[in-house]
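Pasting in a structure now, in structure tokens, and then I'll have a few things to ask.
The values are calculated or read from the model by the stated rules, or taken from the named source; none is laboratory data. What you see is a predicted model, and the numbers here were worked out from it, not measured in a lab. Cβ placement follows ideal geometry from the backbone for every residue including glycine, while neighbour counts extend to all protein chains displayed. For accessibility, only protein heavy atoms count, side chains too; no ligands or nucleic acids. Shrake-Rupley method; radii C 1.70, N 1.55, O 1.52, S 1.80 Å.
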Amino acid sequence: MARWENGAGVLYGAEVGIPLEIAASCRARARGLLGRDGIEGALLLTPASGVHTFRMRFAIDVAYLSRDLTVLAVRTMRPGRLGLPRLRARHVLEAEAGAMARWGVRPGLRLGVEVSG
């Protein structure tokens, strides 16, 4: 995809299709999961190479993705933490803690996105 836009989609390549929310604008990326009590599916921040969990209400799993959506690393972050940016990361995938393991998202896995609408 040449240019990402805010919206919904489905993430595939994991063991199941994952409902996806895409945050491509500066405003949508800055808001991220702040102020929410949870998320159904995952949130894709693009472009992004790092995240923080300040003022978040729940722990999250974070997957750092390369330009071609290959998973570089997966981490679990508690609220109030600052994640170090990954040099090769172009996108960041966020979900509730434990979700990445349930979905089979692990380093080396190549994901894909189907945009809705």
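Of 105, 71, 92, which residue is assigned to a strand (DSSP E or B) and closer than 24 Å to residue 37 by Cα?
The conditions single out 92.
OK, next. Return only the number of the condition from (1) among the acidic types (Asp, Glu); (2) exposed (fewer than 13 other Cβ atoms within 10 Å of the Cβ); (3) farther than 22 Å from residue 4 by Cα that residue 68 does not satisfy.
Tallying (1) among the acidic types (Asp, Glu); (2) exposed (fewer than 13 other Cβ atoms within 10 Å of the Cβ); (3) farther than 22 Å from residue 4 by Cα, residue 68 fails exactly one: (3).
Please go through the range 7-24 and pick out each residue that is part of a loop (DSSP other than H, G, I, E, B) and either in contact with a strand residue (DSSP E or B) (Cβ under 6 Å, 6 or more places away or on another chain) or surrounded by 13 or more Cβ atoms within 10 Å (Cβ to Cβ) (or both).
Kept after step one, since they are part of a loop (DSSP other than H, G, I, E, B), are these residues of the range 7-24: 13-17, 24.
If the condition is that a residue be part of a loop (DSSP other than H, G, I, E, B) and either in contact with a strand residue (DSSP E or B) (Cβ under 6 Å, 6 or more places away or on another chain) or surrounded by 13 or more Cβ atoms within 10 Å (Cβ to Cβ) (or both), then 13, 14, 17, 24 are the ones that fit.
Have a look at 88, 81, 106, 110 and point out the one that is over 14 Å from residue 62 (Cβ atoms), surrounded by 12 or more Cβ atoms within 10 Å (Cβ to Cβ) and not hydroxyl-bearing (Ser, Thr, Tyr).
Only one candidate qualifies: 88.
When you check residue 73 against the structure, is it exposed (fewer than 13 other Cβ atoms within 10 Å of the Cβ) and small (Gly, Ala, Ser), yes or no?
Details: exposed (fewer than 13 other Cβ atoms within 10 Å of the Cβ): no; small (Gly, Ala, Ser): yes.
The answer is no for residue 73.
Could you check the range 30-49 and list, in sequence order, the residues that are at pLDDT 90 or above, open to solvent by 30 Å² or more (accessible area, probe 1.4 Å) and more than 13 Å from residue 95 (Cβ to Cβ)?
Selection gives 47, 49.
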